[in-house]
1. Could you grab me the full set of residues in region 51-74 that are open to solvent by 90 Å² or more (accessible area, probe 1.4 Å), within 13 Å of ligand 2 (Cβ to nearest atom) and within 25 Å of residue 21 (Cβ to Cβ)?
2. Within region 36-58, which residues are among the hydrophobic types (A, V, I, L, M, F, W, C), near ligand 1 (Cβ under 9 Å from one of its atoms) and within 15 Å of residue 83 (Cα to Cα)?
3. Take residue 122 and tell me if it is under 30 Å from residue 183 (Cα atoms) and either more than 16 Å from ligand 2 (Cβ to nearest atom) or in contact with a strand residue (DSSP E or B) (Cβ under 9 Å, 6 or more places away or on another chain) (or both).
4. What residue, of 143, 157, is under 21 Å from residue 39 (Cβ atoms) and surrounded by fewer than 19 Cβ atoms within 10 Å (Cβ to Cβ)?
5. What number of residues within region 1-54 are in contact with a helix residue (DSSP H, G or I) (Cβ under 6 Å, 6 or more places away or on another chain), under 15 Å from residue 119 (Cα atoms) and among the hydrophobic types (A, V, I, L, M, F, W, C)?
6. Of the residues 166, 172, which is within 11 Å of ligand 1 (Cβ to nearest atom), β-branched (Val, Ile, Thr) and under 16 Å from residue 45 (Cβ atoms)?
7. Within region 96-120, can you find the residues that are under 18 Å from residue 40 (Cβ atoms) and either open to solvent by 10 Å² or more (accessible area, probe 1.4 Å) or polar (S, T, N, Q) (or both)?
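The values are calculated or read from the model by the stated rules, or taken from the named source; none is laboratory data. No experiment lies behind these values; they were computed from the predicted model shown. All Cβ positions, glycine included, derive from the backbone under ideal geometry; neighbour counts span all protein chains shown. Remember, those area values only see protein heavy atoms, side chains included, never the ligands or the DNA or RNA. Shrake-Rupley method; radii C 1.70, N 1.55, O 1.52, S 1.80 Å.
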Amino acid sequence: MVKVRMAAPVLQQNDEVAKENRELFREKHLFVLNLMSSPGSGKTSVLEKTIERLSGRLKLGVIEGDIYTTRDAERIEKCGVPVVQINTAGSCHLDARMIKPALDDFDLDTLDILIVENVGNLVCPAEFDLGEDARAAVLSITEGNDKPMKYPLVFRESQVVLINKTDLLPYTDCDIELMEKELKQINPELELFRVSARINEGFEPWITWLEEQVKIKKN
Ligand SMILES: Nc1nc2c(ncn2[C@@H]2O[C@H](COP(=O)(O)OP(=O)(O)O)[C@@H](O)[C@H]2O)c(=O)[nH]1
Ligand SMILES: [Mg+2]
């Protein structure tokens, strides 16, 4: 009789490492945010504007998740904050085991907030706990009004949605009120912020939200 050992399901293994990451973040009083969206909605652009505004207010670190290239990490490095790129080499999401070794590259004692830009994908990242404190999704108005209802998990699992590219509203058929209404139907607790990274508009309520989360984590 051949003996078969069942491997622990992937999500169960992930949850164990996520728990270790979360414990470390708790010890360090470090607020960790998982930033998710489909490719091209503007995660890196929103991050650049966020870093600019938090400069001199909070100490920030960034983990960049991409399938290939260091392009986003190069953009973030130019903003003058510590950044580590993770290349998943095919995987469509980050998982807790990828995050854990990357943490060694930061001096966590000096950071107030760590933002993880997940791989651009509206489905898989939401299924993997990284040990983060909160999740924010970026949804751009050019993606179409139907996206929240078609991809509800990421919005159900997030605390915040940044509705980006509002500068393009006059040129699209996006009904932003309907978009917000449907997001609230999916998750009534969501904080919604309308922003445009291009014209640098609408960021203050988001920055206030981040600062509040950091304050809560410090206590
Ligand atoms: N018009 C407009 N374009 C934007 C805005 N934010 C980002 N973009 C553009 O959208 C593209 C994708 O942005 P990026 O930040 O790389 O998205 P990511 O793939 O989600 O990280 C780039 O060409 C950006 O210049 C915005 O608010 N308005
Ligand atoms: Mg990006």
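1. 68
2. The answer is 47, and nothing else.
3. Answer is yes for this residue.
4. 157
5. Count: 2.
6. Criteria check complete, one pass: 166.
7. 118, 120 - these are the residues of region 96-120 that are under 18 Å from residue 40 (Cβ atoms) and either open to solvent by 10 Å² or more (accessible area, probe 1.4 Å) or polar (S, T, N, Q) (or both).
Per-residue answers, yes or no, for (1) open to solvent by less than 40 Å² (accessible area, probe 1.4 Å); (2) part of a strand (DSSP E or B):
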{"residue": "122", "(1), (2)": "yes, no"}
{"residue": "126", "(1), (2)": "yes, no"}
{"residue": "149", "(1), (2)": "no, no"}
{"residue": "161", "(1), (2)": "yes, yes"}
{"residue": "177", "(1), (2)": "no, no"}
{"residue": "180", "(1), (2)": "yes, no"}
{"residue": "205", "(1), (2)": "no, no"}
{"residue": "215", "(1), (2)": "no, no"}
